[in-house]
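Trainee: Sharing a structure here in structure tokens format.
Since every read-out is calculated from the coordinates, none of them should be taken as a lab result. Keep in mind it's a predicted model, so treat the numbers as computed, not measured. Cβ atoms come from the backbone with ideal geometry, glycine included; neighbour counts cover every protein chain shown.
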């Protein structure tokens, strides 16, 4: 009897164990430096150099946090990760919807649109960017299929192709921003400039996070230690990033 109680107590203690990680705190501090602190320096206190320094601290912290957190999870089973990612995506979708709702309201009540100072946005480049991002959804889906079939080397090849496509998308977005800046169209130009750079920037940040997840998965994938559950969860997040882009490109560029 005593042995049973001891066994039950040991069993309960095992179930009471919680996994802990420092990386969410690293990500939180990165977001703190990247958003409220950098924005406050730039817009409230007119200290652009301090804002750049804050971004220089925040961005590496976020990237390191995402990579570190992913590295801790890649060898574990799927568990609740796939379902939890679904809830996370729902929360992120609400952020985008609130931004789109504000944009729609301003757009519909404005007497004239676009507001004064707006430059003509490119029409061809967004289509090319869309084709690249859609292609990356197909490549990561096929990569997951190969991993499920046991073809780990094939998964790595298609994962690398997905990373390249995502990086090309970001490069084109950065080129477009640079071109618009040189034409004098910035976040301060007018309300549309604020909306444009806020929405495309928010989407770009999600692309960066997705690429960080894929890069963190690359090492275990090369060694054959990547779990199928993690690959599925990472792919689900990437598909969400692609779907959100359809709303961005249709509403911001072509409406």
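Trainee: What number, in percent, do you get for the relative contact order of the chain if the mean sequence gap of Cα pairs under 8 Å and at least 6 apart is divided by its residue count?
Mentor: Reported relative contact order: 26 percent.
Trainee: Same structure again: So if I restrict to the alpha-carbon atoms in segment 135-255, what is the Rg, and what is Dmax, the biggest pairwise distance, in Å?
Mentor: 16.7, 53
Trainee: Let me ask something additional. Taking the Cα atoms of segment 45-182, what is the range of coordinates along each of the three principal axes, in descending order and whole Å?
Mentor: 58, 36, 30
Trainee: Order by neighbour count: 162, 118, fewest other Cβ atoms within 10 Å first, most last.
Mentor: Starting with the residue having the fewest Cβ neighbours, the order is 118, 162.
Trainee: Another question about this same structure. With runs of 4+ DSSP H residues as the only contributors, calculate the mean residue ellipticity of the chain at 222 nm using -39,500 (n - 2.57) per run, divided by the residue total and rounded to the nearest 500.
Mentor: Here the helix-only value at 222 nm equals -26000 deg cm²/dmol.
Trainee: Percent relative contact order of segment 115-189, based on C-alpha pairs within less than 8 angstrom and at least six residues apart?
Mentor: Over segment 115-189, the number comes to 39 percent.
Trainee: May I ask you to sort 195, 134, 124 by Cβ crowding, counting other Cβ atoms within 10 Å and putting the fewest first?
Mentor: Least to most surrounded, the residues fall as 124, 134, 195.
Trainee: On a 0 to 90° scale, report how tilted helix 191-223 is relative to the longest principal axis of the chain, with both axes built from alpha carbons and the result rounded to the nearest 10.
Mentor: With rounding to tens, the tilt is 30 degrees.
Trainee: Follow-up question, since we're still on this one. Sticking with the crude label model, points 7 Å out along Cα→Cβ, report the distance from residue 160 to residue 108 in nm, one decimal please.
Mentor: Those two pseudo-labels are separated by 4.9 nm.
Trainee: Evaluate the Kirkwood expression for the hydrodynamic radius of segment 131-182, namely the inverse of the mean inverse distance over all pairs of different C-alpha atoms, and round to one decimal in Å.
Mentor: One over the average 1/r among Cα pairs gives 11.8 Å for segment 131-182.
Trainee: Taking every alpha carbon pair in segment 102-188, what does the distance histogram look like in 10 angstrom bins from 0, in percent?
Mentor: With 10 Å bins starting at 0, P(r) equals 16, 28, 26, 17, 11, 2.
Trainee: Further, regarding this structure: Which of 175, 237, 43 ends up with the largest GNM mean-square fluctuation for the chain, with Cα atoms connected below 10 Å?
Mentor: Answer for the Gaussian network model of the chain: 43.
Trainee: Give me the one-decimal Kirkwood hydrodynamic radius in Å for the chain, with the sum taken over alpha-carbon pairs.
Mentor: That comes to 20.5 Å for the chain.
Trainee: Using Cα atoms only, what is the angle between the long axis of helix 81-109 and the major principal axis of the chain, expressed in degrees (0 to 90) to the nearest 10?
Mentor: Taking Cα atoms only, the helix is inclined about 10 degrees.
Trainee: Now for a separate question. Could you please rank 70, 187, placing first whichever residue has the fewest other Cβ atoms within 10 Å of its Cβ?
Mentor: Ordered from fewest to most neighbouring Cβ atoms within 10 Å, 70, 187 come out as 187, 70.
Trainee: May I ask you to derive the relative contact order of segment 139-235, considering only C-alpha pairs under 8 Å and at least 6 residues apart, and to give it as an integer percent?
Mentor: 35 percent
Trainee: Would you mind estimating how fast segment 84-134 diffuses translationally, via Stokes-Einstein at 25 °C and 0.890 mPa s with the Kirkwood radius over Cα pairs, in µm²/s?
Mentor: Estimated diffusion coefficient is 176 µm²/s.
Trainee: Okay, next question. Note the angle between two axes, namely the Cα long axis of helix 124-148 and the longest principal axis of the Cα atoms of the chain, as a number of degrees from 0 to 90, rounded to the nearest 10.
Mentor: 10 degrees
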